[in-house]
Structure formats: structure tokens, C-alpha cells
1. Within segment 83-135, count every residue that is under 14 Å from V43 (Cβ atoms) and aliphatic (A, V, I, L, M).
2. Is it the case that segment 78-93 has a residue that's modelled with pLDDT under 95 and of a type in the set (F, W, Y)?
3. Hey, could you check segment 136-157 for residues that are surrounded by fewer than 18 Cβ atoms within 10 Å (Cβ to Cβ) and either on the phi > 0 side of the Ramachandran plot or not in a strand (DSSP E or B) (or both) and say which is nearest to the chain's Cα centre (by Cα)?
4. Residues F277, F286: which one is aromatic (F, W, Y) and not in a loop (DSSP other than H, G, I, E, B)?
5. Of the numbered conditions (1) free of Cβ contacts under 8 Å to residues at least 60 places away in the same chain; (2) buried (at least 19 other Cβ atoms within 10 Å of the Cβ); (3) farther than 20 Å from C276 by Cα; (4) not polar (S, T, N, Q), D121 satisfies every one except a single condition; which is it?
6. With the requirement that a residue be in contact with a Phe, Trp or Tyr (Cβ under 6 Å, 6 or more places away or on another chain) and surrounded by fewer than 20 Cβ atoms within 10 Å (Cβ to Cβ), what does segment 76-112 give you?
7. Residues that are on the phi > 0 side of the Ramachandran plot, surrounded by fewer than 24 Cβ atoms within 10 Å (Cβ to Cβ), out of contact with any Cys (no Cβ under 6 Å at 6 or more places or on another chain) and among the small types (G, A, S): does segment 284-295 have at least one?
8. Applying the selection to segment 248-261, what residues are in contact (Cβ under 8 Å) with a residue 40 or more places away in the chain and of a type outside the set (D, E)?
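The values are calculated or read from the model by the stated rules, or taken from the named source; none is laboratory data. A quick note: this is a predicted structure, and the numbers were derived from the prediction, not measured. Glycine also receives a Cβ, built like all others from the backbone with ideal geometry; neighbour counts cover every protein chain displayed.
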Amino acid sequence: MKRREFLKNTAATSTFIGLGGLSLKSCQAFGDKKITILHTNDVHSHIDPFPSSHSRYANLGGVARRAALVEQIRNENPNTLLFDAGDIFQGTPYFNFYGGELEFKLMSKLKYDAATIGNHDFDNGIDGLLAQVPHARFDLLSANYDFTNTVMDGFVKPYKIYSLDGIKIGVYGIGIKLDGQVTKRLYKETRYLNPFEIAVDVERQLKEAEKCDLIICLSHLGYDYQNPERASDTQLAQKTYHTHLIIGGHTHTFLEKPDVRVNQNGDSVLVNQVGCFGINLGRIDFYFDSKRNTSADGVSISV
């Protein structure tokens, strides 16, 4: 079945797909273990819901509503992880006044597990980002930003491994090219490394050395571009070997359900992004059978 036909014939708000070698048409029984992945991207300091008078997003969003929704899902399935794909900062007076402190404190209260770093997270400079790190009770992940000669050295990890119900989940971060997106004086000596090469190296480490059952990329590359020279999530999916899910950001792309791409092994990769401003929450449920075969069900939830 072609990808477009698969997406067209699937329900408008969710998709069920076999991963790790299972056919797209194979909707076999769910596995006996379930891991839920929740995610946001490009929240851009939107703390409050949009007002009822807003022309596009009336009464949508808000951290308090997201917190209630996340708590409900965690009560349903304790084996849940919550991630963000970057651009946490910049967009409302909350950032102008608090410099990112409020955003990190609220994410910590929601018990985010990790986030990657977006270009706007440098808007107060790398020193401004460091100043907010003590307020983040979650990991900052970026494998292709080299912070060796900066004040952020030692505060960002390339990946993190989580163990839930006997399932090992490896999560790594990938960031967009900073040159052209961020003024040099803001990111200073931060080095940008080729995202495709780094992703393949890190996913191999997670698969072969760390023996992860599920591998997730938190990406701020952007979903897709007409210019093939711009690195994107769709390209990343097709160039990797072991990554199951790419949680994207940067392009504010509203996907009702995860996109399905095929990697170098011929296996399916999910690519998802839920717009911007915290008005949607992404949810992907992964099911594992006794042989660690994996299938997934994805949905974008309006907040």
C-alpha cells in the first residue's frame, strides 16, 4: 500500500502501523506491553489559553489544561513519557519578563522527561539559556550541537535512556543549523554538526550498545521543505536505520496523525508534529509483544 493511500484510508485522527518489519497493512492484535509517548513543540512561551475572541485558536491551549490532560493519560497508563521538540522560549510577554524561568518551571511541574533545543531557545543568548537550566527538572538533549567551548558544556546530553515495564527507550536530540537562524553572538562557539551523520551514529549506539527496544528522536529540523538541501525530519527518517519515531518542531506543522516514512532497512518510521503554541498534544501509543515486535497508534489531541 502506498504511503498516501495508507494515510488517506486511515481515520482522520489516528493511525495504526506496524514497525520493525511488520507490514503497513498488518493490523494484528496489540502487544501485551504499552508505552505512551506524549509530546509538544514550538510552545513559544504560551502559558495561557487563547482568548475566545482569537480569530484562529479561540479558547485553545494553556498549560493548566495540558497538565490536566497529561495527568489523565498518566493515570490511564503509568508507562508514559512526555517530551518537547524545542522553541520553548519567545512569543509572549512571559518570556520578555521572566526570560524562560516560568516556562522551565511549569514544564518541570508537568514532569516533562526531556526536551531538545530550538533556535529560539537561544534568543537571550547562550548565557540566558544557562541561567534557566537550574529551573529545568528535565533533561536537555542535543546530539549535534557541540557545546564544548561554551558555558552550556556539561548541561546538555546527546541522549537519555528510560526503562518502563521492562522496555528500554532511547531518546536523542537533533537541532537545526544555527547559522542563518540565530545571530552568532547569541550562540557563540556552539558548533553545529551534520544531523544525519550524528543521528545514525547515536541510533546505532542506542540499538547495538544500549540494546534499546524503542528509539525516539526529538528534532527541531522542521518537517519538510521544497528545498532538498535543507535538512528535514522526512529526510532524517529516510536516512536512519533504527529510529522508530521522530518528534518534530520548527515548522509549526499541524499533523492530524503521524506521517509514515521508510528507513534504510525498509522499516516504517513515524514522523509527527503538533503545530505550535501548545494548542495540541501529540500522543503515540507503542505496543510490544513478547518478541519485542512493535506496533503504534498515533493521535493529535486538541487542548
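1. 8
2. no
3. Only one residue tops the list, namely R137.
4. The conditions single out F286.
5. Against the list (1) free of Cβ contacts under 8 Å to residues at least 60 places away in the same chain; (2) buried (at least 19 other Cβ atoms within 10 Å of the Cβ); (3) farther than 20 Å from C276 by Cα; (4) not polar (S, T, N, Q), D121 comes up short only on (3).
6. L102
7. no
8. G248, G249, H250, H252, F254, L255, K257, P258, V260, R261
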